[in-house]
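Asker: If you scroll down you'll find the structure; I have some questions about it.
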Amino acid sequence: MSKVISIINQKGGVGKTTSTINLGCALANQGQKILLIDLDPQGNASTGLGIEPSTRLRTIYEFLLNPDLDPSSFIISSNIENLDVITANVDLSGLETEVAENNKRAFFLKDIVAKINEKSEYNHILIDCPPSLSLLTIMALVASNNVIIPLQTEFFALEGVSQLIKTIERVKQNLNTSLDIQGVILTMYDKRNKLCSQVESEARRYFEDKVYKSVIPRNVRISEAPSHGVPVIEYDKNCTGTIAYENLAKEVLEQYNNNNVAA
Ligand SMILES: Nc1ncnc2c1ncn2[C@@H]1O[C@H](COP(=O)(O)OP(=O)(O)O)[C@@H](O)[C@H]1O
Ligand SMILES: [Mg+2]
């Protein structure tokens, strides 16, 4: 069975999509078979992998509303070996109101993931969540074994974290008892900025050994890559951002070897 991981933080711009794409690509390069589900109506993960909106014919929105359709008609291969994608577009923003009356709605994504697992053998399914704690994020939490939280190393990094943890705990109690926090990624770290090391200490105090040792630096190559439709790992194989995400992927795989997370 694949390990399903949601990349989650209700704040926008903290590095969720960047981390989903690059962790996914780094894991794929290390021989893992990866499916990335874009669950954000902004569709940034799809764009960042070079899939233009006009070519996203069947998106996660349609799949969520038609779970009986064949998963393979929604899964497309990216330009990266071992990395497949289910795309999103702005249609997804209407889903919440459309399914408001359906009392099974929190389980829609979980059902889809089960279908995908019946037919294919992904090692990991990574879900790029939207910047909110709305239905889409709840669906992702219900469908996941674990969550990874990116934190931008800036002054307000931990603001909102208690609300995020409360949401995870609530889902764990009511909808998905095995849900767990797998790790916390510190993103956009600038070692010349004293504040970053303060935020790092604070995050490590709060989340203890859940915080990955591999910290993602602020790196202009990371921010350039999406406009070329490729992960930074493909865009510049030697930059500091690439090396950080490759190390992060190794750390994630080691967690399974060390039994630090439920498989
Ligand atoms: N380590 C980094 N260094 C420089 N820019 C980054 C880094 N991580 C993300 N960015 C940029 O910051 C912006 C927000 O990142 P993104 O991953 O889209 O956040 P989110 O998905 O949480 O909204 C994007 O323009 C992205 O290219
Ligand atoms: Mg995003």
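The values are calculated or read from the model by the stated rules, or taken from the named source; none is laboratory data. If you're wondering where the values come from, they're calculated on a predicted model, not measured in any experiment. Glycine also receives a Cβ, built like all others from the backbone with ideal geometry; neighbour counts cover every protein chain displayed. Accessible surface areas use protein heavy atoms only, side chains included; no ligands, DNA or RNA. Shrake-Rupley method; radii C 1.70, N 1.55, O 1.52, S 1.80 Å.
Asker: Residues of the chain: accessible area per residue at 1.4 Å, in Å²?
Answerer: In whole numbers, the chain has 46 Å² accessible per residue.
Asker: At 222 nm, what value in deg cm²/dmol follows for the chain if DSSP H runs of at least 4 each add -39500 (n - 2.57) and the sum is divided by all its residues, to the nearest 500?
Answerer: -11500 deg cm²/dmol
Asker: A follow-up question, please. Normalised by the residues of the range 3-255, what does the relative contact order come to in percent, with Cα pairs under 8 Å and at least six apart?
Answerer: Once normalised by length, the contact order is 26 percent.
Asker: Tally Lys/Arg at +1 and Asp/Glu at -1 over every other residue whose Cβ is under 14 Å from the Cβ of residue 232; what's the total?
Answerer: Combined, the nearby Lys, Arg, Asp and Glu give -1.
Asker: Using 0.36 nm per residue, how much length does the chain from residue 169 to residue 247 gain when fully extended, once their Cα-Cα distance is taken away?
Answerer: So the chain would gain 25.2 nm between residue 169 and residue 247.
Asker: Right, something else. What distance in nm lies between label points placed 7 Å from Cα along the C-beta direction at residue 238 and residue 117?
Answerer: 4.3 nm
Asker: So, with a 1.4 angstrom probe, what is the percent of accessible area on the chain that is carbon and sulfur?
Answerer: Reported share for carbon and sulfur atoms: 47 percent.
Asker: Lysines within cross-link reach of residue 115: Cα-Cα under 25 Å, excluding same-chain residues under 8 positions apart?
Answerer: Output for residue 115: 3, 33, 104, 172.
Asker: On to the next question. Span-like helices, the chain: DSSP H, alpha-carbon axial extent 15 Å or more, mean Kyte-Doolittle -1.0 or greater, which ones?
Answerer: Helices meeting the criterion: 16-29, 108-119, 161-174, 194-207, 240-257.
Asker: So, one more: For the ranges 13-21, 212-220, what's the packing order if you count other beta-carbon atoms within 10 Å of each residue, average per peptide, and put the highest first?
Answerer: With the highest mean Cβ count within 10 Å placed first, the list reads 13-21, 212-220.
Asker: Sticking with this structure for a sec: In whole Å, how far is the Cα centre of the range 5-40 from that of the range 42-69?
Answerer: That distance is 15 Å.
Asker: Here is a further query. Taking every DSSP beta bridge that has both residues in the chain, what percent is antiparallel when rounded to the nearest 5?
Answerer: 5 percent
Asker: Count charges around residue 197 for me, please; just the other residues with Cβ under 11 Å from its Cβ, Lys/Arg as +1, Asp/Glu as -1.
Answerer: My count for the surroundings of residue 197 gives +1.
Asker: Going down the table (11/166; 166/191; 11/194; 11/237), which pairs top 21 Å between alpha carbons?
Answerer: Where the Cα-Cα span goes over 21 Å, the pairs concerned are 166/191; 11/194; 11/237.
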